[in-house]
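S.K.: For reference, the structure I am asking about is given below.
The values are calculated or read from the model by the stated rules, or taken from the named source; none is laboratory data. All of these numbers come straight from a predicted model, not from anything done at the bench. Methodologically, a virtual Cβ is constructed for each residue, glycine included, from the backbone with ideal geometry; neighbour enumeration extends over all protein chains shown.
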Amino acid sequence: MTKLQESFLERWQAAGGSLTSSEELLPRLEEFPGGAETQVVGHIGRRDQNMKALYLRAIGTAQKSIRIANPYFTDMDVVKALCKAAKRNVKVQLVLPQDNNIGIVQHASRYNYPRLIKAGVEIYEYKGRMAHEKVAVFDSRWATFGSSNLDARSLINNDELNLIVTDTGVAEDIEKRLFEADIPKSERISKYSPDFMDHLMHPFGGLL
């Protein structure tokens, strides 16, 4: 049984689901020829810090580039780590929604723009729809994607699951299909002054 199947069964049973045998629901999997090396990172709300540790470790060890697309971006530890990465000449690009469906989160996120911009982080707000990707690519070598946002609800409270794919082909494909496609459709924020609502909502960013 794979880690992905184990994670599903754990959540299934926690939600009250039952089955007589895991085999009836999860058949034996065979290795796919030419497949990419993939790891599963699960996070159980209020029991571990797996997802946050994943992002902080990845940001802290990146050498050349970090590209993140995420709708809910309020975690201050992640903000600080990205600023440090940019200051050591790692190219950091963030793609966030221009019209967030949760106003408090948008204001709390924008409060951090000046700090990020000053450090050298490129911030892009995607226009046209509520961008909801939860994807990151590091050094064009590996990527992570899944259910986790970069806010307290995901990194602390929720049950989440991400995949880590260590394959340059996959990483470069994500960069091409997502970042290189979405950045031209986004507005780059190169200067920003937090407004009254940004200041008011910032303290709530660590709770959401």
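S.K.: Starting from residues that are modelled with pLDDT of 95 or more and among the small types (Gly, Ala, Ser), keep the ones in the range 100-118 and report whichever is surrounded by the most Cβ atoms within 10 Å (Cβ to Cβ).
M.R.: Out of the qualifying residues, it is SER109.
S.K.: When only residues in the range 145-168 that are part of a strand (DSSP E or B) and over 16 Å from PHE73 (Cα atoms) count, which is nearest to the chain's Cα centre (by Cα)?
M.R.: ASN162
S.K.: Does VAL92 satisfy being outside any loop (DSSP other than H, G, I, E, B), within 13 Å of LEU150 (Cα to Cα), at pLDDT 95 or above and assigned by TED's automatic domain parsing to the domain that holds LEU155?
M.R.: no
S.K.: While we're on this one: Looking at this structure, is ALA53 without any contact (Cβ under 8 Å) to a residue 24 or more places away in the chain, out of contact with any strand residue (DSSP E or B) (no Cβ under 6 Å at 6 or more places or on another chain), closer than 21 Å to ALA171 by Cβ and in the same structural domain as PHE179 (by TED's automatic domain parsing)?
M.R.: Yes; evaluated as a whole, the condition is true for this residue.
S.K.: If you check every pair at least six apart or on different chains, which have Cβ atoms under 7 Å apart with a residue in the range 164-188 that is at negative phi first and a residue that is among the acidic types (Asp, Glu) second?
M.R.: THR166/GLU37; ASP167/GLU37; LEU178/GLU133; SER186/GLU125; GLU187/GLU125; ARG188/GLU122
S.K.: Looking at the range 119-132, which of the residues that are at pLDDT 95 or above and in a loop (DSSP other than H, G, I, E, B) is surrounded by the most Cβ atoms within 10 Å (Cβ to Cβ)?
M.R.: Restricting to residues being at pLDDT 95 or above and in a loop (DSSP other than H, G, I, E, B), the top hit is VAL121.
S.K.: Hey, could you check the range 54-89 for residues that are assigned to a helix (DSSP H, G or I) and among the basic types (Lys, Arg) and say which is farthest from LYS118 (Cα to Cα)?
M.R.: That would be ARG57.
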